[in-house]
Amino acid sequence: MRFTLQSAHLVDAAIDVPGSTLTVDGSQIEAVASPSDNQGTLIDATKMIVTPGFIDVHTHGGGGCNLHTVHAEEIEGYARWVPATGVTSFLIGVVGAPGTLPEQQLTAAVEAIAAWTAGAEPLGIHLEGPYINAERRGAHMPTWLRMPTAAEAQRVLDLSGGYLRLITLAPELPGAAAMIQRMKEAGVTVSIGHTDATYEQTLEAFQLGVTHMTHCCNAMRPLHHREPGPLGALAQSLQVYGELIADGVHVHPAMMKIIVKALGPARTIVITDALSAAGLSEDTAFEFAGQPAQLLHGAARLADGTITGSVLTMDLALRNILEMTDFSLQDAVRMLTLNPAHAAQSAERKGLLKAGYDADLLILDESLQLQATICRGEIAFATPAWQERLEELGALVHPKASAGE
């Protein structure tokens, strides 16, 4: 299917062009900001903002679906639901398992990736733990935790079937250096998180090849004037990206502004760290990896009150970044698209409005309310108004597309 969005305001990390055009041919972007020879079906996008699709590299689920699961079809359900929040690709979040590696969950993730055909694309796996510090474990159960070794690193790689893209670990643990080295050799992005590392230990981890920090401020030593901790090391290490849960709950809005200013738009990665209850009503009962949880005042908490993940969606995260920091729409879009594409090793085909890139697109109105989501050239979500518009123009609407549900 070939179609052209006309008179759109195109925004990504590299361009901010109002009144422009973008042509899609099949699953890829064919032309940007200049009409192609054959524009196909013409779609009026006047007063609409078109951006690359959001990429969530740290999520555990949403729409009632868990990503840490033994059922591949549950991951497929998430992939069908999440375009309604602007996500066109994601990493499957896997955590720990009592007394062993999460072998069944990794197997389910591999199956879901191999079977993917529609909706948001699973780009790979994010293994958050189990090689984390018990002192900063947050909602991760003590029985999940393990010590890293080079041999176990290889076992994790084997179980992941070549799809491991990101791993969170505590670099101060014995054996962590060997695991970091093996993961680097395999092309996996290594992240520091759930860590009690000092400033000096964090700098050492960066020298070993850690290039990512998991949910800045959460589950780590705080920034202190005599002990800068991981955040102080991150601010000075220009090759390292930092995640930010942009819900205003996990990190106070004032601290969000400080973090984004310290890192700049080129190194901030906005995430949701969302759980299965994201997108559901406040009174919904749910669980995180077998632990009962509940929503209290917009935050997900375990029975003992421990904060666990979020119920944030990426479309809301975009608006939060603009409201809570001083950065532009273009900068904010970068934090939700190109930067996470780098972390997921997909920046050669995702995260930009560029000819040859995947046609992962969002259509938003001027108030940044999502109107339609296009995944690899197919409509994966549309509001009733945009569903009608697309159908009238003969554009391809995927049979599993959501219509504002």
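The values are calculated or read from the model by the stated rules, or taken from the named source; none is laboratory data. Note that the coordinates shown come from a computational prediction; the quantities given were computed from them, not determined experimentally. Don't worry about glycine lacking a Cβ; one is built from the backbone with ideal geometry, like all the others, and counts go over all protein chains shown.
Per-structure values
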item	result
Residue in region 327-335 that is farther than 22 Å from residue 371 by Cβ, assigned by TED's automatic domain parsing to the domain that holds residue 123 and surrounded by fewer than 16 Cβ atoms within 10 Å (Cβ to Cβ) present	no
Residue tally, condition part of a strand (DSSP E or B) and free of Cβ contacts under 8 Å to residues at least 40 places away in the same chain, over region 294-306	5
Of all residues making up region 12-47, the number that are assigned to a strand (DSSP E or B), under 22 Å from residue 328 (Cβ atoms) and touching a Leu at 6+ places or on another chain (Cβ under 6 Å)	4
The listed residue being farther than 16 Å from residue 257 by Cα, modelled with pLDDT under 80 and either surrounded by 15 or more Cβ atoms within 10 Å (Cβ to Cβ) or not hydrophobic (A, V, I, L, M, F, W, C) (or both), out of 299, 347, 303	299
Test: residue in region 235-247 that is in a helix (DSSP H, G or I), over 30 Å from residue 71 (Cα atoms) and either within 17 Å of the chain's Cα centre (by Cα) or not charged (D, E, K, R) (or both)	yes
When residues of region 1-24 are limited to those that are modelled with pLDDT of 95 or more and either in contact with a His (Cβ under 8 Å, 6 or more places away or on another chain) or among the charged types (D, E, K, R) (or both), the one nearest to residue 121 (Cα to Cα)	12
From the options 51, 85, 41, residue that is under 16 Å from the mean Cα position of the chain (by Cα), touching a residue at least 40 places away in the same chain (Cβ under 8 Å) and farther than 30 Å from residue 288 by Cα	51
Considering residues of region 52-87 that are touching a His at 6+ places or on another chain (Cβ under 9 Å) and assigned to a strand (DSSP E or B) only, the residue farthest from residue 17 (Cα to Cα)	66
Cβ pairs under 8 Å, 6+ apart, first in region 137-162 and outside the structural domain of residue 101 (by TED's automatic domain parsing), second crowded, with 16+ Cβ neighbours inside 10 Å	none
Wholly enclosed strands (runs of 3 or more DSSP E) of region 91-208 bearing at least 1 residues closer than 22 Å to residue 342 by Cα, small (Gly, Ala, Ser) and under 21 Å from the mean Cα position of the chain (by Cα)	121-128, 189-192
Yes/no for residue 294 being at pLDDT below 95 and among the polar types (S, T, N, Q)	yes
